[in-house]
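A.B. asks: The following block contains the structure, expressed as structure tokens.
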Amino acid sequence: MAALELSNISKNFGAIQALQDVSMKIEPGEVVGLMGDNGAGKSTLVKIIAGNFRPSAGDITIDGSHVEFHKPIDAQRKGVEIVYQDLALCNNLTAASNVYLGRELTAQIGPVKVLDYRTMFKRAGELFAELKSETRPRDMVKRMSGGQRQAVAIARTLLTQPKIVLMDEPTAAISVRQVAEVLNLIKRLRDQGIAIILISHRMPDVFTVADKITVLRRGRLVADKPVSKSSPEEVTGLITGAIEAA
Amino acid sequence: MSVTLEQAIDSRQHQNLLSWLTSRQVFWVFVAAVLACVALSLVTDTFATERNIFNVTRNFAFVGIIALGMTAVIASGGIDLSVGSTVVMSAMVTGVVMAAGMPFWVAALAAIGASLAIGAVNGLLIAYAGMPAFVVTLGMLSVARSLAMVLSDNKMIWEFGPDHDLLLWLGGGATFGIPHPLIAMVVLALATGFAFRWTRWGQHLFAVGGNEEAATLTGVPVKRIKLSVYMFSAFTAGVTGILMVGWLGGVTTNLGQAMELTVIAAAVIGGANLAGGIGSAFGAVVGALLIEVIRNSLILLGISTFWQGTFVGCFIVIAVTFDRIRNFRSSE
């Protein structure tokens with residue numbers, strides 16, 4: 001059963017047709033590279049899956065059941081997590097605090113709810129270990145490398161045992177060394193049976209880690225095929241429109 | 001320049017307790033305050049007297065209490081310029097209500113209520129209308145003081161009805177030789193320090209100050225946090241207002257004038273970062289203490305109090321310079 005299935009998703013903002021009849025399927029443990037030029041509709045599609053926008057038409061199915069998201073929290077409850085492009089981390093807090101930001105664990109002591117640092121540090125440490133990252137729960141995010149920051153942002157998505165993780169340009173602004181680290185993180189998520197949508201401009205990254213490539217051009221899905229049957233040249237052609245569809 | 005994977009793995013934040021301590025601005029400010037106290041005790045025979053210590057601790061408590069609220073505001077990435085005017089508003093409400101023959105507790109509730117209302121207006125405009133904190137609280141600085149004048153008809157109040165003595169005892173008295181404002185400050189500092197470190201509220205306000213966008217995306221109730229922070233700051237100013245009336249035994253409309261600047265100075269000297277995200281309750285107290293020790297020492301050493309501003313000003317700049325140098329080093 002597909003982890004996520006989109007059928008005939010369309011979205012228009014007034015007269016502007018941002019997405020038109022987009023259908024795709026992602027299996028658990030599959031990495032899909034979502035590519036397209038600026039304005040092709042990538043972020044609109046991601047925002048629809050994440051519950052920021054409602055589609056004008058079409059259906060979303062998660063694990064075989066129809067879902068409707070009104071707010072991002074609805075999507076989160078159904079197992080959709082996002083790693084934002086700027087990672088949405090607070091530099092002045094520790095790694096563990098960032099992982100638990102907005103859903104801190106507390107323990108009731110008398111009349112007050114006290115933060116349960118012990119459990120948060122422990123669980124965050126386990127998540128970093130699962131991701132084979134050297135990030136330590138007590139370290140301040142301010143002093144972390146790009147790769148470590150990614151690990152924090154990804155560990156955050158794992159708190160809720162997600163089914164689908166959306167990653168928006170995770171390798172855009174980091175060094176070559178750290179890109180390898182992030183791609184390894186993505187593979188570990190995949191090995192846990194999580195479906196991953198990787199939005200990226202970087203062709204080599206997509207071809208390294210993705211199982212399937214989907215290309216959006218001007219709101220339409222022009223390609224949806226296994227990586228092994230495509231090539232960077234073909235994808236470039238699809239993105240620019242030199243190749244009509246594949 | 002980027003850090004390689006190996007460096008990131010090998011890097012440690014602090015080798016031991018000493019390096020952790022010396023990396024903190026508060027620590028150095030605390031050392032400076034202690035050194036100043038020791039030096040003054042040796043140089044003058046007036047500093048270490050019971051009477052003078054009593055005065056110093058009581059005086060700094062007023063600034064210290066509000067600096068706690070200000071630190072919360074600054075740590076959340078804002079600023080509150082209206083605290084001095086909130087002090088006079090709270091003091092004036094206390095005075096007017098008590099002079100009308102009401103008991104102290106009614107007056108205190110009214111004063112705290114008025115202060116919280118000021119904080120709520122600030123917070124609503126800043127959090128929900130998205131207006132800049134500087135502008136909103138600058139406006140409130142003017143409005144609150146003017147309302148205090150309207151309320152009192154700009155007259156001095158110095159008779160406080162049936163609970164007159166209780167009010168004076170609360171603000172000017174002492175228990176076990178400890179001035180009451182100092183007790184209030186210590187209790188509030190412990191509560192604030194606890195809230196900063198151990199509650200969701202504390203975690204969230206530092207998150208808002210650190211990266212508001214991230215806080216919003218991760219579901220932190222940013223607007224509610226901002227509102228609560230300005231109400232907390234107004235609350236601390238309100239408490240101070242009540243205590244100050246009791247201490248002075250009278251209230252005029254120039255009470256608390258320019259106090260916001262001293263309070264901000266105390267918070268900043270104590271390590272609060274005006275860019276948001278950094279600050280501590282202990283720092284607020286230590287910053288306020290240092291300012292009062294400077295003021296007191298100038299008087300005891302017979303130096304004109306005109307120099308006070310120069311010393312306090314230099315300390316603000318030195319404290320922040322320390323922080324810069326440290327950041328510069330750690331970013332290398």
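Here, each number is a calculation from the coordinates, and none is a lab measurement. This structure is a prediction, so every number in the text was calculated from the model and none was measured. So basically every Cβ, Gly included, is an ideal-geometry build from the backbone, and we count neighbours across all protein chains shown.
A.B. asks: In whole Å and largest first, what semi-axes does the C-alpha gyration tensor of the range A:1-133 yield when each eigenvalue is scaled by 5 and square-rooted? Let's see the in-between values first.
C.D. replies: Values: eigenvalues 234, 55, 52 Å².
Listed largest to smallest, the semi-axes of the range A:1-133 are 34, 17, 16 Å.
A.B. asks: Something else about it: Looking at B:Val31, B:Ala234, B:Gly130, which one has the Cα that reaches farthest to the positive end of the dipole of chain B (charges on Cβ: Lys, Arg +1; Asp, Glu -1)?
C.D. replies: About the Cα centre, the residue reaching furthest to the positive side is B:Gly130.
A.B. asks: Sticking with this structure for a sec: Work out how far the C-alpha atoms of the range B:220-279 reach from end to end along every principal axis, then list the three figures in whole Å, largest first.
C.D. replies: 44, 26, 15
A.B. asks: Calculate how steeply helix B:281-300 sits against the longest principal axis of the alpha-carbon atoms of chain B, using the helix alpha-carbon long axis, and give the answer as 0 to 90 degrees to the nearest 10.
C.D. replies: 60 degrees
A.B. asks: Also, I was wondering about something else. Along the three principal axes, how long is chain A when you take its alpha carbons, biggest first, rounded to the nearest angstrom?
C.D. replies: Sorted largest first, the three principal extents are 63, 39, 33 Å.
A.B. asks: Give a residue-ordered list of calculated ³J(HN,Hα) values for the range A:222-237 (Karplus: 6.51 cos²θ - 1.76 cosθ + 1.60, θ = phi - 60°; whole Hz; x for Gly, Pro).
C.D. replies: Result, rounded to whole Hz: 9, 7, 7, 8, x, 4, 5, 9, 10, 8, x, 5, 5, 4, 4, x.
A.B. asks: What residue among A:Ala180, A:Ala50, A:Ala124 has the largest mean-square fluctuation in a Gaussian network model of chain A, using Cα springs under 10 Å?
C.D. replies: Comparing A:Ala180, A:Ala50, A:Ala124 in the GNM, the peak value goes to A:Ala180.
A.B. asks: So what is the 222 nm mean residue ellipticity for chain B from helices alone, if each DSSP H run of at least 4 adds -39500 (n - 2.57) and you divide by all residues, rounding to the nearest 500 deg cm²/dmol?
C.D. replies: -24000 deg cm²/dmol
A.B. asks: Given all pairs of different Cα atoms, what value in angstroms does the Kirkwood hydrodynamic radius of the range A:169-241 take?
C.D. replies: Result for the range A:169-241 stands at 13.1 Å.
A.B. asks: Mind checking the log10 I(q)/I(0) for the range A:20-75 at q = 0.17 Å⁻¹? Debye, one equal scatterer per Cα, no solvent, two decimals.
C.D. replies: For the range A:20-75, the Cα-only Debye profile gives -0.61.
A.B. asks: Further question: Averaged over peptide B:201-209, how many Cβ atoms belonging to another chain are found within 10 Å of each residue's Cβ?
C.D. replies: For peptide B:201-209, the averaged partner shielding equals 3.
A.B. asks: Moving on. Give, as a single signed number, the net charge of other residues whose beta carbon lies under 14 Å from the beta carbon of B:Arg58, with Lys and Arg counted +1 and Asp and Glu -1.
C.D. replies: Around B:Arg58, the charge tally is 0.
A.B. asks: Which value, in Å³ per residue, describes the convex hull spanned by the Cα atoms of the range B:105-200?
C.D. replies: Hull volume over Cα atoms, normalised by residue count, gives 153 Å³.
A.B. asks: Let me confirm one metric for peptide A:83-94, namely the mean number of other chain beta-carbon atoms within 10 Å of its residues' beta-carbons.
C.D. replies: Partner Cβ neighbours, averaged per residue: 5.
A.B. asks: Give the residue from B:His164, B:Gly209, B:Leu182 lying farthest towards the positive end of the charge dipole for the range B:57-212; charges sit on Cβ (+1 for Lys and Arg, -1 for Asp and Glu) and the dipole is referred to the Cα centre.
C.D. replies: Of the candidates, B:Gly209 comes out farthest on the positive side.
A.B. asks: Let's test the formula: R0 of 56 Å, r as the Cβ-Cβ distance of B:Leu261 and A:Ala242. What FRET efficiency results, to the nearest 0.05?
C.D. replies: Step by step, r from the Cβ atoms, then E = 0.30.
A.B. asks: On a 0 to 90 degree scale, rounded to 10, what angle separates helix A:176-191 from the longest Cα axis of chain A?
C.D. replies: Around 90 degrees separate the two axes.
A.B. asks: Only helical DSSP H runs with n ≥ 4 go in: add -39500 (n - 2.57) per run for chain A, normalise by residue count and round the 222 nm mean residue ellipticity to 500 deg cm²/dmol.
C.D. replies: -9000 deg cm²/dmol
A.B. asks: For the ranges A:68-81, B:309-322, what's the packing order if you count other beta-carbon atoms within 10 Å of each residue, average per peptide, and put the highest first?
C.D. replies: Final packing ranking: A:68-81, B:309-322.
A.B. asks: Separate question: Hey, if you drop one equal point scatterer on each alpha-carbon of the range B:213-332 and run the Debye formula without solvent, what base-10 log of I(q)/I(0) do you get at q = 0.15 Å⁻¹?
C.D. replies: -0.90
A.B. asks: Work from the charge dipole of the protein assembly as shown (Cβ charges, +1 for Lys and Arg, -1 for Asp and Glu, about the Cα centre) and give the residue of B:Met244, B:Gly84, A:Met120 farthest towards its positive end.
C.D. replies: So the residue we want is A:Met120.
A.B. asks: Considering amide H positions built from the backbone, and no H for Pro or chain starts, which residues 5 or more places from B:Ile278, or on another chain, come under 5 Å of its amide H?
C.D. replies: Counting only residues 5 or more places away or on other chains, the set is B:Asn273.
A.B. asks: A follow-up question, please. Could you compute the FRET efficiency for B:Ile303 and A:Asp86, with r as their C-beta to C-beta distance and R0 at 45 Å, rounded to 0.05? If you can, show how the numbers build up before the last one.
C.D. replies: Details: r = 51 Å, r/R0 = 1.14.
The pair B:Ile303/A:Asp86 has a calculated efficiency of 0.30.
A.B. asks: Further question: Taking one equal scatterer on every alpha-carbon of the range B:48-330, how large is log10 of I(q)/I(0) by Debye at q = 0.13, 0.15 1/Å?
C.D. replies: With no solvent term, the Cα-only Debye profile gives -0.86, -1.12.
A.B. asks: With θ taken as phi - 60° and the coefficients 6.51, -1.76 and 1.60, list the Karplus ³J(HN,Hα) couplings across the range B:145-153 in order, rounded to whole Hz; mark glycine and proline as x.
C.D. replies: 5, 5, 5, 4, 5, 4, 4, 9, 6
A.B. asks: If you don't mind, another one. In what order do A:Ser43, B:Ser90 fall by count of nearby beta-carbon atoms within 10 Å, going from fewest to most?
C.D. replies: The order, fewest Cβ neighbours first, is A:Ser43, B:Ser90.
A.B. asks: If you don't mind, another one. Can you tell me the orientation of helix A:117-130 relative to chain A, as the angle in degrees between its alpha-carbon axis and the longest Cα principal axis, to the nearest 10?
C.D. replies: Computed tilt is about 40 degrees.
A.B. asks: Give the aspartates and glutamates reachable from A:Lys11 as a straight Cα distance under 20 Å; neighbours fewer than 8 places away on the same chain don't count.
C.D. replies: Answer for A:Lys11, where 20 Å is the Cα cut-off: A:Asp21, A:Asp37, A:Asp59, A:Glu68, A:Asp74, A:Asp168, A:Asp224, listed by chain and number.
A.B. asks: Oh, and also: Output ³J(HN,Hα) for the range A:10-17: one whole-Hz value per residue in order, computed from phi by the Karplus curve 6.51 cos²θ - 1.76 cosθ + 1.60 with θ = phi - 60°, and x for Gly and Pro.
C.D. replies: Values, residue by residue: 10, 8, 10, 9, x, 7, 8, 8 Hz.
A.B. asks: What are the extents of the Cα atoms of the protein assembly as shown along their three principal axes, listed from largest to smallest and rounded to whole Å?
C.D. replies: Its Cα atoms span 88, 50, 43 Å along the three principal axes.
A.B. asks: For the pairs A:Lys132/B:Lys223; A:Lys187/A:Lys229; A:Lys132/A:Lys163; A:Lys142/A:Lys163; A:Lys122/A:Lys142; A:Lys71/B:Lys223, note any where the Cα-Cα span goes beyond 27 Å.
C.D. replies: The answer is A:Lys132/B:Lys223; A:Lys142/A:Lys163.
A.B. asks: Separate question: Would you kindly state how much longer the chain becomes between B:Phe322 and B:Leu190 on full extension, computed as 0.36 nm times their sequence separation minus their alpha carbon distance, in nm to one decimal?
C.D. replies: 44.9 nm
A.B. asks: Inside 10 Å of the C-beta atoms of A:114-124, what's the mean count of C-beta atoms belonging to other chains?
C.D. replies: The per-residue average across the peptide is 1.
A.B. asks: Expressed in nm², what is the orientationally averaged projection area of the convex hull enclosing the Cα positions of the range B:11-116? Can you show the working numbers first?
C.D. replies: Values: hull surface 44.5 nm².
With every direction weighted equally, the projected area is 11.1 nm².
A.B. asks: Go ahead and run the numbers for FRET between A:Asp211 and A:Lys122, Cβ-Cβ distance against an R0 of 35 Å, rounding to 0.05.
C.D. replies: The value I calculate is 0.55.
A.B. asks: Give, rounded to the nearest 20 debye, the magnitude of the charge dipole that the protein assembly as shown has about its Cα centre when Lys and Arg contribute +1 at Cβ and Asp and Glu contribute -1 at Cβ.
C.D. replies: 360 debye
A.B. asks: Right, something else. Based on C-alpha coordinates, I'd like the Rg and Dmax of the range B:171-277, in Å.
C.D. replies: Rg and Dmax of the range B:171-277, Cα atoms, are 16.5, 51 Å.
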